[in-house]
Amino acid sequence: MSCPEPIDRIEATTAPAGKIRLILQWTSLAAAITLGVMLGWRTITGADIGCHLTYGGHLLDTGEIIDSNMFIYTDVRSAGPVLPMDFAPSSWIDGEGRLRFPNVNWASQLILAIAWRTGGPTGVCLLQAALVAILMILLAAAMLRAGVRPWAAGVGVAIVALTVQARFMHRPELFGYVIMAAQLCILIGPRIGKYSVIALVLLQCAFVQLHSSWMLGIFLTMCFLGDRVARAIWSRLRGTGERGDQAGQWKWFAGVFVGQVAMAFASPWGWRTASLPFQMMIYLKANKLIPAGQAGVTHPWSTIKEMYPSLSPIFAYSVTSSAFIVALVLAGLAAIGSLRTRRWSYLLLLAGMTWMSLQVRRNVGPGVIILVPVAVAGLWAAGAKLPQRLRWRGVTTAVSGATIIACALCIFTVVTNRFYFYQGIGPRFGPGISKVDLPIEAGEYLRTLPDDTKVFTTFSLSSNVLYFGRGEMGYRQVPILGNGWACTPRNMQLVRKIALGKEPFGPFARHYGLGAVVLRVDKLSAPLARALLQNPEWILAHLSARIVVFVNRSVAPGPPPNVNTAEFIARIASLDPSKPVYPLQAAARMLEHLRFLDLAIATARRATEIDPDYTGVWDVLGVNYALRAKALRQAGDPACLNDFRQAKRCFTEAQKRDGDSDDIASKLRKVNRSLQEINR
């Protein structure tokens, strides 16, 4: 496959206009790469970072890769006969009775642990930013190798950065993204040779050790191999023979394919790692987990948001969804262009990655990383076939300038945190770790308890409770980890039912000798939190923006600590100094679930004073006023009338800021109905 002719021919660099145009092009590409790096330079908010640091740290200390449930004290066999759902793909019970699984992220975990021990949270953030920078540069290089001019490559890099930024969560998958981009950069060139084959096979070997998505590397090669085989067969059938620069190319790609398949077995778990992608597809289909959230599906993985359909309504209005739609449109146009230019490898990649990225939300990242560069290359090749009269010579300057301005504006919103703030998400620009989203304060409290204190927690917190709650003697045990392979789905289901109040907590706590409970209080855990507030055996020991800690009286005897309203509000606001309204709103919502309505109202009112235009803060305040009004009305207290009026005012303010919300409109109607009933 020869490189396509460029649509616009840049004038000789000796001409002033040509030099300016060339500088503009490269500046637009640099601006897009910078945007990606700025989006990657963010605080740590991921739910899985603790698990990866624990596993990587254990490997550093002992030389032993964790591939068992060594930190989990519940036992799959204690719940009755072992069922098929009790085993995640490729997991098994060994001769010692341990649950085992291929830990295909072990190398990524090792690198993350080294970065943490070298530089703490800042070290991990620097590693992330470096990986994102490499990723953006590789994607740009892939498009340039396909003959695309820098201004068009800049557009592609910017689209990828805005789409994939939601997956910049300090997780092993970013290593996989970099490997995929490097493989594409080699494969998409005009031809490959001996050194390309060696590089691709070695990259695949690294991929298998770094992340579970290594099968995508083989898929990339399969698409290019299919293209070359089809061309070779067609040439023989026509009797024309292959062109010089393409002769025998299919053999090189076949060599890469064979080598990459062999690398699937080059892991500590051999055939179990090689079979993992196929077992995973069977498992997901058998348990109806794609897409997640289907009615009647009880498997605990079905509640994981990243398993929901990529364009599910719960992701509406996000930057990722908007950029993803742009990427899909680009891919559709490129598919038409690839048909016209007979670039079958592009067509296969576009079709495969589009299908994959539309399945579940977590696939958007790896899908778009391949989809967009190939789409830009495909459109460029198709554009080269257009008649000269249809080409607009001013496109270079116009698009380069627009890209520079757009990227500069986006970078400004990222650096000032407006990008994250108005989406209502937790990351902030710069290094560090989020005390709002991660149980840092809860971990500090746990370290004051005896090291043998067993902790109960839920899926979203377990990984970080394990790491940040460790004591002087090492890691404490938790019943479930963020790494699904380490805990059987049955036990995950049991923990979820306990949090929802569908299974009794008391027998579980007594059986395992629980001394503490750490909960991220939301709709899925509020029933357990409220039950523990009513249980005399437990005290509320720590209260943060989203996370609470309960302690058994046998572990920490004494009365629960008093909560001073002013001190609580000041402490919560300090958790995110750049945007204190964010933790205050989160705390008000948590207090609403706990039914601490007076404290919730005081917290939410402070949030409205700090930023009255922040989306959702008036809604939270209105809900708490309405809940308190209902309680007062049931008690026959006339003060309920004032609270209902306050709730109406809050919902009216919320509707001014979010007029399309059916939920807010419904709440306003209910409050008006209550006021009418009282005034009769």
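Filtering the range 588-605 down to residues that are more than 28 Å from the chain's Cα centre (by Cα) and of a type outside the set (A, V, I, L, M), which residue is surrounded by the most Cβ atoms within 10 Å (Cβ to Cβ)?
The selected residue is Thr603.
Restricting attention to the range 308-318, does a residue exist that is closer than 30 Å to Gln423 by Cα, surrounded by 24 or more Cβ atoms within 10 Å (Cβ to Cβ) and β-branched (Val, Ile, Thr)?
no
Being modelled with pLDDT of 90 or more and among the acidic types (Asp, Glu) is the filter; apply it to the range 638-662 and report the residue that is nearest to the chain's Cα centre (by Cα).
Glu653
Could you check, for the range 582-594, whether at least one of its residues is in a loop (DSSP other than H, G, I, E, B) and without any contact (Cβ under 8 Å) to a residue 40 or more places away in the chain?
Among the residues of the range 582-594, not one is in a loop (DSSP other than H, G, I, E, B) and without any contact (Cβ under 8 Å) to a residue 40 or more places away in the chain, which makes the answer no.
Only one of (1) modelled with pLDDT of 90 or more; (2) outside any helix (DSSP H, G or I); (3) crowded, with 19+ Cβ neighbours inside 10 Å is not met by Arg476, so which one is it?
Status for Arg476: all satisfied but (1).
Pick out the one residue from Ser196, Ser212 that is in contact (Cβ under 8 Å) with a residue 40 or more places away in the chain, of a type in the set (Ser, Thr, Tyr) and closer than 30 Å to Cys125 by Cβ.
Ser212
Limited to the range 642-666, what total is found for residues that are within 22 Å of Arg606 (Cα to Cα) and assigned to a helix (DSSP H, G or I)?
So the answer is 17.
Scan Asp598, Asp613 and give me the residue that is in contact with a helix residue (DSSP H, G or I) (Cβ under 8 Å, 6 or more places away or on another chain), touching a residue at least 12 places away in the same chain (Cβ under 8 Å), among the acidic types (Asp, Glu) and not in a helix (DSSP H, G or I).
One residue alone meets the criteria, Asp613.
Scan the range 104-162 residue by residue and report those that are among the polar types (S, T, N, Q), closer than 17 Å to Phe175 by Cα and assigned to a helix (DSSP H, G or I).
The answer is Ser108, Gln109, Gln128.
Of (1) hydrophobic (A, V, I, L, M, F, W, C); (2) modelled with pLDDT of 95 or more; (3) within 20 Å of the chain's Cα centre (by Cα), Cys51 satisfies all except one. Which?
Tallying (1) hydrophobic (A, V, I, L, M, F, W, C); (2) modelled with pLDDT of 95 or more; (3) within 20 Å of the chain's Cα centre (by Cα), Cys51 fails exactly one: (2).
Can you tell me which residue among Ala566, Ala499 is among the aliphatic types (A, V, I, L, M) and surrounded by fewer than 15 Cβ atoms within 10 Å (Cβ to Cβ)?
Ala566
Kindly provide the set of residues from the range 606-619 that are within 27 Å of the chain's Cα centre (by Cα) and hydrophobic (A, V, I, L, M, F, W, C), ordered by number.
Val617
Out of Leu328, Leu289, Leu284, report the one residue that is assigned to a helix (DSSP H, G or I) and at pLDDT below 90.
Just one listed residue meets the conditions, Leu284.
Given the condition surrounded by fewer than 21 Cβ atoms within 10 Å (Cβ to Cβ) and more than 28 Å from Gly270 (Cα to Cα), answer yes or no: does some residue in the range 219-229 qualify?
Checked against the condition, which is being surrounded by fewer than 21 Cβ atoms within 10 Å (Cβ to Cβ) and more than 28 Å from Gly270 (Cα to Cα), the range 219-229 yields at least one hit.
The values are calculated or read from the model by the stated rules, or taken from the named source; none is laboratory data. Because the structure is predicted, anything quoted here is derived from the model rather than measured. Note that each Cβ is placed from the backbone with ideal geometry, even for glycine, and that neighbours are counted across all protein chains shown.
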